[in-house]
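Student: Pasting a structure here, questions to come.
The values are calculated or read from the model by the stated rules, or taken from the named source; none is laboratory data. Quantities reported herein were computed from a predicted structural model and do not represent experimental measurements. Cβ placement follows ideal geometry from the backbone for every residue including glycine, while neighbour counts extend to all protein chains displayed.
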Amino acid sequence: MSDSDRLAPLSVTGLHKSYGHHAVLADLNLSVEPGSFVCIVGPSGAGKTTLLRCLSGLLAPTSGSVRYGDRPVNQPLAEIAVVFQDYRGSLLPWMRVRDNVAFPLEGRGVSRSARRARADECLAAVGLPGVGDKYPWQLSGGMQQRVAIARGLAYDAAVLLMDEPFGSVDAQARFDLEDLVLRLRRDLGITVIVVTHDIDEAVYLGDRVIVLGGQPATVIDNLTVDLGQDRDQIHTRALPRFAELRTRVLTRIRGGAAAPDPAPPAQLDVSRT
Amino acid sequence: MTTPVQAATTEVLEPAAAGSKTRGRRARVHAYQLLCVVLVLLLWGAVTVSGLFTASSLPSPASVATEWLHLLGAPVFWQAVWDTLRGALVGLLFAGAVGVPLGLVTGTYAAAELSSRILVDFLRSFPVIALLPVFLLVLGSTPEMKSTVVFIACVFPIFLQAQYGARSVPPMISETVRAYRIPRLLRYTKVVLPSATPSIMTGLRLAATTSILVAIGVEILTTLPGIGHEVTQHQQNGNSAVAFGYIFTAGLLGYGINRGSMLLESILLRWRPPAHTV
Ligand SMILES: Nc1ncnc2c1ncn2[C@@H]1O[C@H](COP(=O)(O)OP(=O)(O)O)[C@@H](O)[C@H]1O
Ligand SMILES: [Mg+2]
């Protein structure tokens with residue numbers, strides 16, 4: 001397959017998704033350019049996981065379409081790797097770490113030695129050399145999430161879709177993981193889409209932040225993060241521009257939730273500064 | 001049906017931090033277990049001494065022990081043990097070879113499971129021994145017939161446990177497998193089977209005990225050679241001490257098979273965090 005086929009924009013047109021009578025997403029449109037880092041931010045329960053499952057082809061939209069280049073995404077594609085929110089549940093507990101990372105390659109008929117080499121390479125890339133022979137439960141939460149990321153890398157996809165990937169690890173591990181993903185994007189030129197409820201994280205990571213709001217949810221804002229490619233946990237977060245962007249996102253989310261709905265605003269994690 | 005232990009990942013636990021405390025406790029447990037055995041033997045001895053039963057209906061523990069040690073030197077004895085064991089194992093192996101794949105596949109398809117449920121529920125509650133005359137008629141009094149009856153008795157617990165295990169693949173894992181486009185065969189061998197292993201092992205243990213039981217039952221009811229046959233023979237000839245020696249051997253076989261499958265289980269489930277090793 002040529003590179004132009006592999007690297008294509010992921011686009012969503014007029015997406016609606018309902019669970020029975022419960023409409024979760026409505027008339028949602030967005031497009032993600034190859035090589036970009038896009039964060040989709042919205043409060044808990046907004047429908048972020050639902051959107052991500054539609055983007056990955058795991059869930060069929062009620063109406064509307066998801067396309068990768070000119071192909072419809074109506075089943076999981078080889079070009080898209082997913083890292084789930086719940087790393088504990090998504091690693092296979094009976095496989096050693098290396099086998100977990102290499103497992104998707106086994107499905108592609110890659111030889112045993114090539115799988116092994118690739119898995120070790122990807123484990124090294126996420127900062128975990130030498131844990132290949134351990135079982136997942138022997139690693140901390142942050143390390144397990146790194147393994148899940150390594151599995152995504154080993155899959156050699158052009159797009160990495162991540163669902164609140166750093167939500168359940170401690171603050172320090174979280175900063176490290178954020179920087180790891182930024183570095184991987186820069187080194188590998190892959191497209192990264194991160195779904196998160198954390199506004200600071202969205203602004204820190206993204207080239208672009210897409211804000212979901214409303215019920216059913218749709219895109220209520222789409223802003224470019226002009227903070228440059230080189231980000232730094234200490235300095236980037238202290239920039240006046242960072243504060244401006246974060247304030248704008250927060251305002252949009254508050255406004256979007258309060259106007260049509262008199263109920264208490266959806267819970268948001270804005271405690272971190 | 002025993003509920004299989006669900007494989008769950010837990011937070012990192014200190015492995016083998018147990019140390020000498022548990023070792024002391026285990027030694028005490030062993031002492032109690034031994035005590036129980038001794039008590040039962042004493043009770044048995046007391047009953048035989050009391051003259052409540054004649055020596056030909058209930059021999060003393062000492063005479064049984066002597067006869068049993070004698071038996072260990074007799075080729076007839078080993079031949080009988082082998083006949084029973086072979087009948088049981090052949091039936092059990094076929095039951096596993098049929099029950100496990102069938103259970104795994106039907107377990108992953110809700111429709112297949114639902115449509116087979118009534119039939120399976122009926123068949124598994126069917127008393128196999130009641131079918132013995134039919135098998136005698138169709139297959140004759142052969143070792144193959146013995147294995148067939150064992151197979152029928154064993155296939156359902158294995159099948160049902162495999163089905164149960166296949167259904168309990170965690171949703172997150174199914175989702176991951178789908179997202180990474182794992183082909184079907186690989187999904188069965190590397191995902192469904194390992195995930196169902198704890199449950200399958202429970203079924204196998206159950207079936208292993210049943211297999212010995214049924215093999216001996218068939219030998220008692222027919223003229224097929226084996227432990228069951230020896231028991232009836234010696235009982236009828238008034239050698240009840242020898243008969244009891246064979247009965248004791250049957251118990252040992254059942255116990256040995258159970259321990260063996262527990263060992264196999266712990267080997268197959270090495271991947272589990274130590275919180276699971278009981
Ligand atoms: N499989 C499902 N069936 C029915 N309702 C669902 C299902 N998955 C999610 N929902 C509902 O859809 C809404 C959005 O859920 P989700 O996409 O998980 O939100 P988020 O990831 O933003 O927290 C929630 O109200 C949730 O209860
Ligand atoms: Mg979610």
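Student: Residue check, A:V24 against (1) part of a loop (DSSP other than H, G, I, E, B); (2) away from every other protein chain (no Cβ under 14 Å); (3) within 16 Å of ligand 2 (Cβ to nearest atom), all met but one. Which one?
Tutor: (1)
Student: Given (1) within 15 Å of the chain's Cα centre (by Cα); (2) at pLDDT below 90, where does B:S168 come up short, assuming only one miss?
Tutor: Checking B:S168 against (1) within 15 Å of the chain's Cα centre (by Cα); (2) at pLDDT below 90, the one that fails is (1).
Student: Go through region A:80-93 and give me each residue that's more than 7 Å from every other protein chain (Cβ to nearest Cβ) and out of contact with any helix residue (DSSP H, G or I) (no Cβ under 6 Å at 6 or more places or on another chain).
Tutor: Correct list: A:I80, A:Q85.
Student: Here is a follow-up. Would you mind stating whether B:R181 is without any contact (Cβ under 8 Å) to a residue 24 or more places away in the chain, over 22 Å from the mean Cα position of the chain (by Cα), within 10 Å of chain A (Cβ to nearest Cβ) and in a helix (DSSP H, G or I)?
Tutor: No: the conditions fail for B:R181.
Student: Going through region A:166-183 one residue at a time, which ones are within 16 Å of ligand 1 (Cβ to nearest atom) and more than 14 Å from chain B (Cβ to nearest Cβ)?
Tutor: Across region A:166-183, the qualifying residues are A:F166, A:G167.
Student: Among the residues of region A:200-209, is there at least one that is at pLDDT 90 or above, away from chain B (no Cβ under 14 Å), in a strand (DSSP E or B) and within 16 Å of ligand 1 (Cβ to nearest atom)?
Tutor: yes
Student: What residue, of A:V211, A:V195, A:V159, A:V147, is β-branched (V, I, T) and either out of contact with any strand residue (DSSP E or B) (no Cβ under 8 Å at 6 or more places or on another chain) or free of Cβ contacts under 8 Å to residues at least 12 places away in the same chain (or both)?
Tutor: A:V147
Student: With respect to A:G69, determine if the residue is at pLDDT below 90 and of a type outside the set (V, I, T).
Tutor: yes
Student: If you don't mind, there's one more thing I want to ask. Which ones in region A:137-165 are within 9 Å of chain B (Cβ to nearest Cβ) and over 25 Å from B:I182 (Cβ atoms)?
Tutor: The answer is A:S140, and nothing else.
Student: In this structure, is A:H16 free of Cβ contacts under 8 Å to residues at least 40 places away in the same chain and either surrounded by 16 or more Cβ atoms within 10 Å (Cβ to Cβ) or more than 18 Å from A:I220 (Cβ to Cβ) (or both)?
Tutor: In short, no.
Student: Would a scan of region A:133-150 turn up a residue that is on the phi > 0 side of the Ramachandran plot and surrounded by fewer than 21 Cβ atoms within 10 Å (Cβ to Cβ)?
Tutor: Scanning region A:133-150 turns up no residue that is on the phi > 0 side of the Ramachandran plot and surrounded by fewer than 21 Cβ atoms within 10 Å (Cβ to Cβ).
Student: Right, next: If you take the residues of region A:110-132 that are more than 13 Å from chain B (Cβ to nearest Cβ) and of a type in the set (A, V, I, L, M), which of them is surrounded by the fewest Cβ atoms within 10 Å (Cβ to Cβ)?
Tutor: Of everything passing the filter in region A:110-132, A:A114 is surrounded by the fewest Cβ atoms within 10 Å (Cβ to Cβ).
Student: Any residue at all in region B:84-93 that's modelled with pLDDT of 90 or more and over 20 Å from B:P225 (Cα atoms)?
Tutor: Yes: region B:84-93 contains one or more residues that are modelled with pLDDT of 90 or more and over 20 Å from B:P225 (Cα atoms).
Student: Residues of region B:34-71 being part of a helix (DSSP H, G or I), over 21 Å from B:G245 (Cβ atoms) and either in contact with a Leu (Cβ under 6 Å, 6 or more places away or on another chain) or at pLDDT below 85 (or both), which ones?
Tutor: Within region B:34-71, just B:S50 meets the criteria.
Student: Give the residues of region B:50-76 that are within 14 Å of B:E230 (Cα to Cα) and in contact (Cβ under 8 Å) with a residue 60 or more places away in the chain, sorted by residue number.
Tutor: B:E67, B:W68, B:L71, B:V76 - these are the residues of region B:50-76 that are within 14 Å of B:E230 (Cα to Cα) and in contact (Cβ under 8 Å) with a residue 60 or more places away in the chain.
Student: What residue, among those in region A:95-109 that are part of a loop (DSSP other than H, G, I, E, B) and under 24 Å from A:T191 (Cα atoms), is farthest from the other protein chains (Cβ to nearest Cβ)?
Tutor: A:R108
This table checks each residue for (1) within 16 Å of ligand 2 (Cβ to nearest atom); (2) touching a Phe, Trp or Tyr at 6+ places or on another chain (Cβ under 9 Å); (3) part of a loop (DSSP other than H, G, I, E, B); (4) not assigned by TED's automatic domain parsing to the domain that holds A:L28.
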site: A:I40; (1), (2), (3), (4): yes, no, no, no
site: A:G45; (1), (2), (3), (4): yes, no, yes, no
site: A:T50; (1), (2), (3), (4): yes, yes, no, no
site: A:C54; (1), (2), (3), (4): yes, no, no, no
site: A:L58; (1), (2), (3), (4): yes, no, yes, no
site: A:P61; (1), (2), (3), (4): no, no, yes, no
site: A:V66; (1), (2), (3), (4): no, no, no, no
site: A:G89; (1), (2), (3), (4): yes, no, no, yes
site: A:P93; (1), (2), (3), (4): no, yes, yes, yes
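Student: Which is facing chain A (nearest Cβ under 8 Å) and farther than 22 Å from A:L77 by Cα, of B:S195, B:S168?
Tutor: After applying the criteria, what remains is B:S195.
Student: Could you count how many residues in region A:108-127 are at pLDDT below 90 and under 23 Å from the mean Cα position of the chain (by Cα)?
Tutor: Result for region A:108-127: 3.
Student: Is region B:242-250 home to any residue that is surrounded by 16 or more Cβ atoms within 10 Å (Cβ to Cβ) and either within 14 Å of another protein chain (Cβ to nearest Cβ) or under 30 Å from A:A154 (Cβ atoms) (or both)?
Tutor: no
Student: Could you tell me which of the residues A:T196, A:T224, A:T218 is within 16 Å of ligand 1 (Cβ to nearest atom) and either closer than 15 Å to A:F37 by Cβ or out of contact with any Leu (no Cβ under 7 Å at 6 or more places or on another chain) (or both)?
Tutor: A:T196
Student: Taking region A:166-211 as the region of interest, how many residues are of a type in the set (F, W, Y) and more than 25 Å from B:A179 (Cα to Cα)?
Tutor: Of the residues in region A:166-211, 2 are of a type in the set (F, W, Y) and more than 25 Å from B:A179 (Cα to Cα).
Student: On the given criteria, is A:A202 among the small types (G, A, S), in contact (Cβ under 8 Å) with a residue 12 or more places away in the chain and in the same structural domain as A:T224 (by TED's automatic domain parsing)?
Tutor: When the stated conditions are applied, A:A202 passes them.
Student: Still on this structure, I have one more. Residue pairs, Cβ under 7 Å, 6 or more apart or interchain, first in region A:39-56 and farther than 19 Å from A:V181 by Cα, second within 6 Å of ligand 1 (Cβ to nearest atom) and of a type in the set (A, V, I, L, M). List them.
Tutor: A:G47/A:V24; A:T50/A:V24
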